[in-house]
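**Q** Have a look at this one before I ask anything.
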Amino acid sequence: MEFGILNEKIKKLEELKQKAAKCLSCPLGKTRTNLVFSDGSENAQIMLIGEAPGADEDASGIPFVGRAGKLLNQFLEQAGIDRKNDIYIANILKCRPPQNRTPIPSEKEACFSFLKAQIDIVKPKVIILCGSCAMSMFLPDKTPISKIRGQWFNYNSTTVMMPIFHPSYLLRNHSLEEGKPRQLTLSDLKKICEYIK
């Protein structure tokens, strides 16, 4: 990618981040420690979308840095995806819900324009919908993630999406056997890696 185009992406994302930092469209803006906007490369072909920041993310301002984030890093590495250079990471919500509860519809709605703008600026080739919350924002037909994880869906004419299990779910499922959630997730990430080559 030309340096000028990358610079433009960085500039637009920084402007969007500053706008998000001032957002009080839902009550979470008043209770956060830090805005949790993104991590990774603005130039990535893969974008991962999670649910919402937890305590570690709220403290650091970076998505996926707690126990689930460390597990995600292991899976990305095993699949051949470099977190710093190959992927852009964001969440549905940019602020932590109290006690890490599931985001409520009004919060998701208030934050969605920021996520949509991130997708439009980054222009990823693949969007990973990490967990049921992220999946339901883009594939709202209520099919359980266990039934459609690892499948391709169109986002637009140039971008496809794939749901995968959230790493917090994998923390509770330790088996590495064939057909178990951890093995399936690694297989899904490898499929994504192949797709962008």
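**Q** Go through (1) modelled with pLDDT of 95 or more; (2) out of contact with any strand residue (DSSP E or B) (no Cβ under 8 Å at 6 or more places or on another chain); (3) in a helix (DSSP H, G or I) one by one and return the number of the condition Asn7 breaks.
**A** (1)
**Q** So which helices (runs of 4 or more DSSP H) stay within segment 24-85 end to end and still have 3 or more residues that are aliphatic (A, V, I, L, M)?
**A** 67-79
**Q** Restricted to segment 93-109, and to residues that are exposed (fewer than 15 other Cβ atoms within 10 Å of the Cβ) and among the charged types (D, E, K, R), which residue is nearest to Ile121 (Cα to Cα)?
**A** Glu109
**Q** Of the residues that make up segment 73-92, is at least one more than 23 Å from Trp152 (Cα to Cα), under 14 Å from the mean Cα position of the chain (by Cα) and surrounded by 15 or more Cβ atoms within 10 Å (Cβ to Cβ)?
**A** no
**Q** Shifting gears a bit: Within segment 153-185, can you find the residues that are in contact (Cβ under 8 Å) with a residue 40 or more places away in the chain and assigned to a loop (DSSP other than H, G, I, E, B)?
**A** Answer for segment 153-185, where residues must be in contact (Cβ under 8 Å) with a residue 40 or more places away in the chain and assigned to a loop (DSSP other than H, G, I, E, B): Thr159, His166, Leu171.
**Q** Additional query: Take Val122 and decide whether it is surrounded by 21 or more Cβ atoms within 10 Å (Cβ to Cβ), more than 12 Å from the chain's Cα centre (by Cα) and in contact (Cβ under 8 Å) with a residue 40 or more places away in the chain.
**A** Yes.
**Q** Do you know which residues across segment 45-85 are free of Cβ contacts under 8 Å to residues at least 24 places away in the same chain and closer than 13 Å to Leu35 by Cα?
**A** Asp56, the sole residue that qualifies.
The values are calculated or read from the model by the stated rules, or taken from the named source; none is laboratory data. All values reported here derive from a predicted model rather than from experimental measurement. Cβ atoms come from the backbone with ideal geometry, glycine included; neighbour counts cover every protein chain shown.
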